[in-house]
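The values are calculated or read from the model by the stated rules, or taken from the named source; none is laboratory data. The structure presented is a predicted model; accordingly, all values stated were derived computationally and were not measured. Here the Cβ is made from the backbone with ideal geometry for all residues, glycine too, and neighbour counts use every protein chain on show. Ligands, DNA and RNA are excluded from the accessible area calculation, which covers all protein heavy atoms including side chains. Shrake-Rupley method; radii C 1.70, N 1.55, O 1.52, S 1.80 Å.
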Amino acid sequence: MFLTNNTALPALTICALYKSRWQVELFFKWIKQHLRIKHFLGTSENAVKTQVWCAVATYVLIAIVKKELQLEASLYTCLQILSVSVFEKTPLLSAFPTDTAQIEPNRQL
């Protein structure tokens, strides 16, 4: 049952609007759970889009690194490790524990 004060729209339209709104809610839930956006730096539409796209790009790059290095750690753990050592000049494999890195020693990333 859906409640609305708009009696001009048909019931199926109201249901479609609720369904669309739920998809938006699920999207923002995924963003809160997976992307590290604590607050938006700007208020314009362009600023928010840019920040979300940067966070998505970072998430995808970390997923690629995890797959390429065959790491058993979760994406969240990989993100935590990389965020701590982001300004250190160390090889990528040495940032992770040796028991989780399963890559050929001669391969450079």
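Where does each of Val65, Val60 land when they are ordered by accessible area, with a 1.4 Å probe and the largest first?
Val60, Val65
Let me cross-check Tyr76: its accessible surface, 1.4 Å probe, with only protein heavy atoms counted, in Å² to the nearest 10?
Spelled out: Tyr76, probe radius 1.4 Å, area about 140 Å².
As an exercise, identify the trypsin sites (Lys or Arg not before Pro) in the range 1-92 lying in DSSP coil whose Cβ has no more than 16 other Cβ atoms within 10 Å.
Arg36, Lys38, Lys89
At 7 Å along the Cα-to-beta-carbon direction for both Glu72 and Gln51, put a label point, then send me their distance in nm to one decimal.
3.8
Would you mind getting me the FRET efficiency between Val24 and Ser85? Use the beta-carbon distance for r and R0 = 30 Å, nearest 0.05.
That pair, Val24 with Ser85, gives E of 0.25.
Taking Lys49 as the anchor, which lysines have their alpha carbon closer than 18 Å to its alpha carbon, excluding any fewer than eight residues away along the same chain?
List returned: Lys29, Lys32, Lys38.
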